[in-house]
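S.K.: Below: one structure in structure tokens.
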């Protein structure tokens, strides 16, 4: 009896297991394996090569002409810059998204529906098109630049092709990912708690800090992860709005699989990116489980 | 000049909505609530009692009129500048804080040192006998325990006035009875003015020093529970509080009131015309047919445990309840004729 139940369970699990193994396990394993190989002379993967950590070492060190390993900061800088860019974007999304989500939750039913629609509408447009739109908005002879130059007394403003442009583009692209989880928290929020805080002598600002923010934390964490993680790997926005000058991790990976035709190295960078994301998520999970009520 | 009252409300009005769809929730309400008084706002839902409480707390602002607390005009002051605290109907405890942190919330906002906050939060919890639960979260408490914590939280900052918005309505009957007694004791101990909102007339009568019965945004009648119960001035008040018999009658020019199909009761002071007589079921008595002011038919009798409840039919078809506390009193046959004795001092005459 027992055995047959166990067998049944396994059989029922098979489709799900199959999907996971086939669509996640195999590609990931393949990527991990490729990252340990070398590229072949004909710009593919040299499947015959003996696996080694060469690609990972190359992220940090390079061989100079004498055959010594010296520090190569290129990729380290890109890593740091990507993390920084993603962090800044996440922060911007939070600062912009929090009031919007709060405001949305306080609207009438119809108002909320309309706002949800407006927030999600950009998803229906191609990412490339949306980034080109920003290209037009921020361009040097555009009116945004013209207006800003009038207002800004210290020399001409350059809006496009820098880190700020990338931050603007990324914030725009990922803002809905911050607003939606925050909104779902505030939609269920018990507003009487704010009244209780005011009643107990807290000013509006203090009530926000002591009651609203702590209770919105799950939404803040979820939104931040949803913004931070895809931001790390973003490549369209930095390529277009950063003008190629400001490469992020996503651009490196794209270049390795594309023009550079160095799949093993691209795979290694991808694996490192994955590791960073896992580390961030694990840290978040640990931090939350420690904060959770005993 | 110091005000002898804890809360003074003068000609306060409040409407919700705008233009055509505006609803007048409070209509020119004036009340003066004394220090250390247990004052209850009683009425059905939608009568404006909760809105009045929220105006005192500062969650809503009045369209007109003034609200003074301990003599100070606080009509426009935000909630955090008012020396009042609220016990919410849903308790509204902070789910992310422990019981102790909940109770200490207001004290921390006052900027008291940590030791002082802990000491006074402990004291407040002791008052409601919840000190053993200081480290728990609200979600780990029963409804009655949450209720106590909500009370302690509102009492901890030592407000001048405590506002209670139907605080017992979520509890089951037995717990509610127990909490009623506790509330009353707590009020005596703390020496604070309580403004209590409820739709439960029994609760209002049990707890209060004074009751204001509200309907449609107005206070219909205000006074000690006994006078509200025994001498209702409005048909609504009479009907809302306890069981009551309402009899259509006609006041005579020479004094006295004539019942339909019956005799004249000597009640003075009524202006001639159509009136309604009100009498509590326990104040009327059954006598031999013809010996009372009117004869009626006994329709039904029910045993209530501590009394008998008789349902009679009057000659004009109206029904009449009699509550007989003397269980040994002779009981007439069902369907039999009885006389109805209505003592003049138990009758209330209301203009119809």
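What follows draws every value from the coordinates through simple rules; no lab data is involved. Given the structure is predicted, the values throughout are model-derived calculations rather than measurements. Virtual Cβ from ideal backbone geometry, glycine too; neighbours counted across all protein chains shown.
S.K.: Say each of residue A:277 and residue B:274 gets a label point 7 Å from the Cα, pointing the same way as Cα to Cβ; how far apart are those two points in nm?
M.R.: Here the modelled spin labels are 8.0 nm apart.
S.K.: Where does helix B:114-127 land angle-wise versus the long Cα axis of chain B, in degrees 0 to 90, nearest 10?
M.R.: Computed tilt is about 20 degrees.
S.K.: Here's another thing I want to ask about it. Averaged across B:90-97, how many Cβ atoms of other chains sit within 10 Å of each residue's Cβ atom?
M.R.: Values: counts 4, 2, 9, 3, 9, 6, 9, 3.
That average works out to 6.
S.K.: Additional query: With a ≥ b ≥ c the root eigenvalues of the C-alpha gyration tensor of region B:19-135, is it rounded (a/c under 1.5), prolate (a/b larger than b/c) or oblate? Show your work: numbers first, answer last.
M.R.: Working: a/c = 2.20, a/b = 1.95, b/c = 1.13.
Note, shape of region B:19-135 comes out prolate.
S.K.: Where does helix B:99-109 land angle-wise versus the long Cα axis of chain B, in degrees 0 to 90, nearest 10?
M.R.: Taking Cα atoms only, the helix is inclined about 70 degrees.
S.K.: Would you mind putting B:141-154, B:4-17 in packing order, based on average other-beta-carbon counts within 10 Å, highest first?
M.R.: Values: B:141-154: 21.9, B:4-17: 17.3.
Put in order of decreasing packing, that is B:141-154, B:4-17.
S.K.: Another question, if that's okay. Taking other Cβ within 10 Å of each residue's Cβ, how do B:327, B:347 sort, fewest first? Mind dumping the intermediate values first?
M.R.: Working: B:327 12, B:347 21.
Final ranking by Cβ density, sparse to dense: B:327, B:347.
S.K.: Can I ask one more? Could you pull the Cα extents of region B:168-325 along its three principal axes, largest to smallest, in whole Å?
M.R.: Dimensions of region B:168-325 along the principal axes of its Cα atoms: 55, 37, 24 Å.
S.K.: I need the shape label for chain A. Rule: rounded when a/c is under 1.5, else prolate if a/b > b/c, else oblate, with a, b, c from the alpha carbon gyration tensor. Present the calculation step by step, with values, prior to reporting the outcome.
M.R.: Details: a/c = 2.05, a/b = 1.21, b/c = 1.70.
Taking the square roots of the gyration eigenvalues as a ≥ b ≥ c, chain A is oblate.
S.K.: Let me ask something else. Whole percent per 5 Å bin, from 0 to the bin with the longest distance: what is P(r) over all C-alpha pairs of region A:159-285?
M.R.: Taking every Cα pair in region A:159-285, the percentages come to 2, 10, 15, 14, 15, 13, 10, 8, 6, 4, 2, 1, 0.
S.K.: Right, something else. How do the peptides A:9-16, B:277-284, A:172-179 rank, highest first, by the average count of neighbouring beta carbon atoms within 10 Å per residue?
M.R.: Working: A:9-16: 9.6, B:277-284: 19.8, A:172-179: 23.5.
The most tightly packed comes first, giving A:172-179, B:277-284, A:9-16.
S.K.: Need one value for B:99-106: mean number of C-beta atoms belonging to other chains within 10 Å of its residues' C-beta atoms. If you can, show how the numbers build up before the last one.
M.R.: Values: counts 0, 0, 1, 2, 1, 1, 8, 6.
Mean inter-chain Cβ contacts per residue within 10 Å come to 2.
S.K.: Further, regarding this structure: Provide the FRET efficiency to the nearest 0.05 for the residue B:227-residue B:28 pair, computing r from the beta carbons and using R0 = 22 Å.
M.R.: On the way: r = 23 Å, r/R0 = 1.04.
Once rounded, the FRET efficiency stands at 0.45.
S.K.: How big is D for chain B, in µm² s⁻¹ as a whole number, if Stokes-Einstein is applied with the Kirkwood radius of its Cα pairs at 20 °C and 1.002 mPa s?
M.R.: Numbers: Rh = 22.9 Å.
It comes out at roughly 94 µm²/s.
S.K.: By count of other Cβ within 10 Å, fewest leading, how are A:39, B:311 ordered? Each step should come with its number before you reach the end.
M.R.: Values: A:39 20, B:311 16.
If I rank by nearby Cβ atoms, fewest first, I get B:311, A:39.
S.K.: Report the calculated FRET efficiency for residue B:337 and residue B:306 (r = Cβ-Cβ distance, R0 = 25 Å), to the nearest 0.05. The partial results should precede the final answer.
M.R.: On the way: r = 27 Å, r/R0 = 1.08.
Efficiency for this residue pair is about 0.40.
S.K.: Using the alpha-carbon atoms, what tilt in degrees (0 to 90, nearest 10) does helix B:173-190 show relative to the longest principal axis of chain B?
M.R.: 60 degrees
S.K.: To the nearest whole number, what is the average tally of beta carbon atoms from other chains within 10 Å of the beta carbons of peptide B:145-156? Provide the component values of the computation, followed by the final result.
M.R.: Details: counts 0, 0, 0, 0, 0, 1, 0, 0, 3, 3, 0, 1.
That average works out to 1.
S.K.: Between residue A:287 and residue A:95, what length in nm is gained on full extension when 0.36 nm per residue of separation is reduced by their alpha carbon distance?
M.R.: Working: separation 192, 0.36 × 192 = 69.12 nm, distance 2.17 nm.
Extra length from residue A:287 to residue A:95 when fully extended: 66.9 nm.
S.K.: Right, something else. Would you calculate, for chain B, the mean residue ellipticity at 222 nm contributed by helices, counting each DSSP H stretch of 4 or more residues as -39,500 (n - 2.57) and dividing by all residues, to the nearest 500? All intermediate terms of the calculation are to be shown ahead of the outcome.
M.R.: Values: 8 runs with 84 residues, N = 352.
Helix-only estimate at 222 nm: -7000 deg cm²/dmol.
S.K.: Something else: For B:299, A:227, what's the fewest-to-most ordering of other Cβ within 10 Å of each Cβ?
M.R.: Values: B:299 13, A:227 28.
With the fewest neighbours first, B:299, A:227 line up as B:299, A:227.
S.K.: Please state, rounded to one decimal and in Å, the Kirkwood hydrodynamic radius that region B:301-352 gives when every pair of distinct Cα atoms enters the mean of 1/r. List each step's numbers first, then the result.
M.R.: Details: mean 1/r = 0.0782 Å⁻¹.
When all Cα pairs of region B:301-352 are included, the Kirkwood radius is 12.8 Å.
S.K.: So in the protein assembly as shown, what percent of DSSP beta bridges are antiparallel if you round to the nearest 5? Working shown, then result.
M.R.: Numbers: 60 of 78 bridges.
Of the beta bridges lying entirely in the protein assembly as shown, close to 75 percent run antiparallel.
S.K.: Take region B:93-187, compute every pairwise Cα distance, and split them into 5 Å bins from 0; I just need the percent in each bin.
M.R.: All Cα pairs considered, the percentages come to 2, 15, 26, 25, 20, 9, 3, 1, 0.
S.K.: How big is the Kirkwood radius of the protein assembly as shown, worked out from every pair of different alpha carbons and given in Å to one decimal? Please list the in-between numbers first.
M.R.: On the way: mean 1/r = 0.0313 Å⁻¹.
Roughly 32.0 Å, rounded to one decimal.
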